[in-house]
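J.: I'd like to ask some things about the structure below.
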Amino acid sequence: MRGKKRKYECRVFFDELSESDYVIKENGMTTIITPTCARCNRLFGVGEVEEVEKRGNIARMKINDLTSALNIYTNKQYIRNNTAEKRDFVAFSAILHAREGVGYFSVLAEEVEVVEENARNNWVLTTAKRTMERIELLRNRSFDWQSPAIAKDNAKKGAFMKAQEHYAICDDKLDELAKMAITAVNNVWQNHSKTMRAMILEILKNTKCMEHDKLINELMKKGFEEGWVEEAIDELIEGGRCYAPEAGMLEVVEG
């Protein structure tokens with residue numbers, strides 16, 4: 001999927017998507033409107049594989065994005081070309097197949113690719129940001145985020161108003177959705193923090209002493225955010241696992 005130009009694909013957490021059962025038809029296509037009013041007929045998702053089941057020419061994969069698990073289906077071409085197994089991370093581009101007036105939908109993946117855990121983490125952070133933006137706009141009863149035309153399109157604006165009524169959107173419901181996004185980000189941070197702390201200690205043990213900035217650069221090359229590396233270093237210093245023998249240097253505490 002890297003480097004390919006794709007049609008617009010929504011990014012929503014699987015937990016929110018699993019609650020989505022408001023379907024409309026526009027331009028001959030069915031579109032799912034989620035509780036935060038994301039418009040979805042295509043989906044881009046990343047998660048950890050929990051199950052893989054092959055039935056003839058079809059493979060069912062159960063993917064977890066840290067909020068919930070989602071079943072996606074793909075064809076025999078994926079089965080031939082990929083060997084994703086439980087505990088792997090995959091990114092997928094899919095069509096959401098639904099019928100107007102029917103809450104059930106299926107996720108038909110056109111592309112599936114095995115990726116690193118960092119890809120899942122980055123997807124979670126981006127999806128959380130977009131989710132929180134939609135929530136804030138819903139609190140303000142604004143429709144501008146979907147496209148500049150929606151605020152001026154009475155039919156589309158009406159569809160979003162009906163979606164809010166359908167999901168009984170209120171401040172308490174929006175708080176629940178915000179908590180879902182925040183919890184996902186916290187889980188990413190906990191995993192990142194644990195991994196970073198272990199890597200920092202390993203690097204310091206091998207080098208005995210290292211420049212603070214050089215250590216940060218080493219971790220950034222592995223895909224970690226600078227701010228998160230700084231926090232992990234601070235936690236290790238506060239926990240007595242490493243210290244600064246002089247300004248700008250770091251050394252592990254032996255023992």
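J.: Can you flag which of Lys86/Lys173; Lys194/Lys222; Lys62/Lys194; Lys62/Lys221; Lys194/Lys221; Lys25/Lys129 are past 24 Å Cα-Cα?
T.: Violating the 24 Å limit, Cα to Cα: Lys86/Lys173; Lys62/Lys194; Lys62/Lys221; Lys25/Lys129.
J.: Could you list Tyr22, Tyr104, Tyr167 so that the one with the fewest beta carbons within 10 Å of its beta carbon is first and the one with the most is last?
T.: On the way: Tyr22 22, Tyr104 9, Tyr167 19.
Ranking Tyr22, Tyr104, Tyr167 by Cβ neighbours within 10 Å, fewest first, gives Tyr104, Tyr167, Tyr22.
J.: Here's something else I'd like to know. Would you grab the residues whose amide H sits under 5 Å from the one on Tyr22? Only those 5+ places off in sequence or on another chain, please, with H modelled 1.01 Å from N.
T.: Here Ile33 satisfy the definition.
J.: To continue, here is another question. Could you please rank Ser68, Ser20, Ser106, placing first whichever residue has the fewest other Cβ atoms within 10 Å of its Cβ?
T.: Numbers: Ser68 17, Ser20 22, Ser106 12.
Fewest-to-most ranking of Ser68, Ser20, Ser106: Ser106, Ser68, Ser20.
Laboratory data are not the source of any read-out in this text; all were calculated from the coordinates shown. Computed from a predicted model, the values in this text were never measured in an experiment. So basically every Cβ, Gly included, is an ideal-geometry build from the backbone, and we count neighbours across all protein chains shown.
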